[in-house]
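This report refers to the structure that appears directly beneath it.
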Amino acid sequence: MVAQNVAFWVLAVVMVAAAIGVVRSRNVVHAALYLVVVLAGVAAQFILLAAEFVAWVQVLIYIGAVVILFLFGIMLTRAPMGSDTPLDNDQRLPAALAALALGVLLVAAVVDAFRGVEIDIAGRSGPTPTSEIARSIFRTFVVPFELVSVLLLAALIGAIVLARRD
Amino acid sequence: MPLTQFLVLAAVLFAVGVYGVLARRNGVLVLMGVELMLNAVTLNLVAFSAQLDAVAGQVFALFVITIAAAEVGVGLAIVLLLYRNLRTPDLDAVDQLKG
């Protein structure tokens with residue numbers, strides 16, 4: 001338990017620092033690389049929570065596909081690579097205040113609601129088996145699963161229609 | 001492990017993502033802020049799944065990841081289209097509806 005807590009806090013500090021790097025970086029490519037650190041940290045937290053399959057899906061889809069899409073987007077829009085052009089708009093202070101207020105509100109709410117609730121992972125027999133997730137998807141959640149499939153197809157066709165030159 | 005530490009981490013990540021969406025002017029960077037917020041939500045779902053010993057939370061985390069991938073695809077296509085029409089990825093340049 002102690003080792004898991006230490007791992008959590010180390011990961012949490014790295015993730016928050018990298019997240020601030022994503023929103024503050026002066027370089028677009030650096031922001032994408034900071035995003036990789038945050039996404040990998042989230043995957044590591046999933047492993048800490050014994051959610052192995054979701055962790056690997058996170059690595060494959062986010063770090064493997066979404067970040068590559070972001071890098072393609074950066075290159076295709078020829079985003080300014082240097083630090084001469086500002087990447088932020090002129091509402092940084094109101095944005096920071098709004099984000100701070102929201103963060104304080106959310107932290108206060110979750111701490112008030114779930115104080116003292118423990119996650120008991122040590123009492124279980126290993127990580128959640130993938131077969132159990134598969135059973136849940138294809139029995140309980142089969143209609144949402146089909147809907148997500150149709151949504152992915154629609155997004156694919158939509159992206160092609162939007163991005164092609166005619 | 002206390003459940004609250006995961007929820008607090010997710011709340012902080014969400015707030016940082018909100019700042020990114022509000023303060024960035026480059027369309028690709030705004031989408032990165034949205035990704036931070038979606039990841040905070042996924043972390044919450046998996047933390048509750050572990051706490052309740054219910055696999056449904058992980059299934060919904062998978063759905064969120066899938067929908068996030070679709071959202072990035074369409075979002076980047078829109079940013080690309082804006083860049084092609086306005087020659088800039090700057091979202092402040094999209095003011096044709098301004099009176």
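The values are calculated or read from the model by the stated rules, or taken from the named source; none is laboratory data. All values derive from a computational prediction rather than experimental measurement. Here the Cβ positions follow ideal geometry from the backbone for every residue, glycine too, while neighbour counts run over all protein chains shown. To get the accessible areas, we keep the full protein, side chains included, count just its heavy atoms, and leave off ligands, DNA and RNA. Shrake-Rupley method; radii C 1.70, N 1.55, O 1.52, S 1.80 Å.
Okay, here's what the table says:
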quantity	calculated
Taking segment A:1-41 and dividing mean pair separation by its residue count, relative contact order in percent (alpha carbons under 8 Å, at least six apart)	41
Kyte-Doolittle mean at least -0.5 and Cα axial length at least 20 Å: DSSP H helices in chain A	A:2-24, A:28-48, A:92-114, A:142-163
For segment B:3-90: relative contact order, % (alpha-carbon pairs under 8 angstrom, 6 or more apart)	28
Ellipticity estimate at 222 nm from DSSP helix runs (n ≥ 4, -39,500 (n - 2.57)) divided over chain A, nearest 500	-22000 deg cm²/dmol
Alpha carbon centroid spacing (whole Å) that separates segment A:25-96 from segment B:36-92	11
Spread of Cα-to-Cα distances over 10 Å intervals beginning at zero, given as percent, for chain A	8, 22, 32, 28, 9, 1
Per residue, in Å², the accessible surface of the protein assembly as shown once ligands and nucleic acids are set aside, probe 1.4 Å	49
Chain A: relative contact order in percent, alpha carbon pairs under 8 Å with at least 6 residues between	21
Amide H partners (placed H, <5 Å) of A:ASP88, local residues excluded	B:ARG25
In the A-B interface, the accessible area buried, summed over both sides, Å² (probe 1.4 Å)	6800
Around A:ALA43: net Lys/Arg minus Asp/Glu count, Cβ-Cβ under 15 Å	-2
Carbon and sulfur %, accessible surface of chain B computed with the full protein complex present, 1.4 Å	68
